[in-house]
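Please treat every number below as a calculation from the coordinates, not as lab data. Since the structure is predicted, the reported quantities are computational estimates derived from the model, not experimental observations. Cβ: placed from backbone, ideal geometry, glycine included. Neighbour counts: every protein chain shown.
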Amino acid sequence: MVTLRDVAKKANVSVATVSNVINGNYEEVGKDTRERVMRIATDMKYKPNRIAKSLRTNNSRTIGVIIEDITVFNTPEIIDGICEYAENQGYNILFDNLRLYHRLGNRYSQISECKKSISKIIDTMMHLESEGVIYVGAHYRDVTNIIENSDRPIVYTYCYANDGSSHWVNFDDEEAACQVTEYLIGKGHKKIAIITGMVESIPCQTRLSGYQRAILDNRLLIQPDYVKIGDWTYESGFEQGKQLLTTPNPPTAIFAMNDLMAGGVISAARELGISIPKDLSLIGFDNRTCSFYYTPSLTTVDIPLHQMGRQAAKLLIEQLQGKEDTIESIRLKCEIVERSSVSDISAVD
């Protein structure tokens, strides 16, 4: 690796002179010397030592990204959004993957089981050269105190922290579920069932609240038999979907709280000889890749994951730049992606 000393020797000047030229401090360096140093540095393919410079200036232009699990469906798009914005702003990124889903599955409430090893990974990241940190959750929930005693700004996304000082970027679960239910009602459906995730899950609670709000706002009855508890898996969608479709008064539409459970409903309907969307309308949530390839292709809810990543990076970098008007939290809107699994029965009624 070519050093400042190598360039100085070749140019027959001091190391301090080369350092001034490389860092743009031209006051005490003549034009001819400056041009000669820059030409020699370019010819020798000199590259500044970014870490050494950051130690001197306390400005590494590097942010850390702690990822709960890089294999979870939501993570890649969020990371891409972070990278896109940071790159455009001239920031570098350090990554660390906690592999939390592989450690716990969906049992995020039991994080204490592996808190020691997770704390070690987080401490390592926090002691690197990053000026601030973005924490990317694998499941939407409160992660207060998962990062302790930090002297650097932190932004959370796909999760949040109620510590009074952190910033976060998420999406509006409740409003999205309300829009889904309103969408089905607008298509003429009055018997609308829902398959939830695990009841202790915040997304389950907020999406159920949105569903109930839309039902009541449209003066329909909330039927307890139309609310089934799943666990986010394809298998639970199949089992709960089969129960709904074999009741004496089956629903005309089902809202599954994620696309995997919606896939299970499609299999249950096929086994029972029920046609989607002719006999049953179905809508999922997440807009995973699989939703496009189901038969029929699944109408679902698209989460603005890429935008969440961009906004998280923007919030962090604005803090690093000392902008006083930085928003503390952002909740982005989701959009319904219409495909082939919902029919309009309003004309029939």
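Okay, here's what the table says:
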| item | result |
| --- | --- |
| The chain, relative contact order in percent, only Cα pairs under 8 angstrom and at least six apart counted | 16 |
| Distance violations [Cα-Cα > 26 Å] among LYS116/LYS323; LYS228/LYS278; LYS9/LYS31; LYS45/LYS314; LYS190/LYS228 | LYS116/LYS323; LYS45/LYS314 |
| Antiparallel DSSP beta bridges within segment 244-349, percent to nearest 5 | 40 |
| Cβ-Cβ FRET estimate between LYS45 and LYS333, R0 fixed at 35 Å, reported to 0.05 | 0.15 |
| Percentage relative contact order, segment 173-302, counting C-alpha pairs under 8 Å, at least six apart | 24 |
| Extension gain, GLU84 back to ASP123 (0.36 nm per residue minus Cα-Cα distance, nm) | 11.5 nm |
| In nm, spacing of pseudo-spin labels at GLU271 and GLN110 (7 Å Cα→C-beta vector) | 2.7 |
| Radius of gyration, Dmax [the chain; alpha carbons; angstrom] | 26.7, 93 |
| Among GLN240, GLN179, GLN110: highest mean-square fluctuation, GNM of the chain, C-alpha pairs under 10 Å | GLN110 |
| Long-range HN-HN contacts of TYR156 with modeled amide H, under 5 Å | TYR135, HIS167, TRP168, VAL169 |
| Volume in Å³ per residue [convex hull over Cα atoms, computed for segment 173-302] | 90 |
| Antiparallel DSSP beta bridges within segment 173-302, percent to nearest 5 | 0 |
| Choice from ILE66, ILE146, ILE303 with maximal GNM fluctuation in the chain (Cα, 10 Å cutoff) | ILE146 |
| Helix-derived mean residue ellipticity, 222 nm - over the chain, DSSP H n ≥ 4, -39500 (n - 2.57), to 500 | -12500 deg cm²/dmol |
| Bridge type composition, the chain - antiparallel percent by DSSP, nearest 5 | 10 |
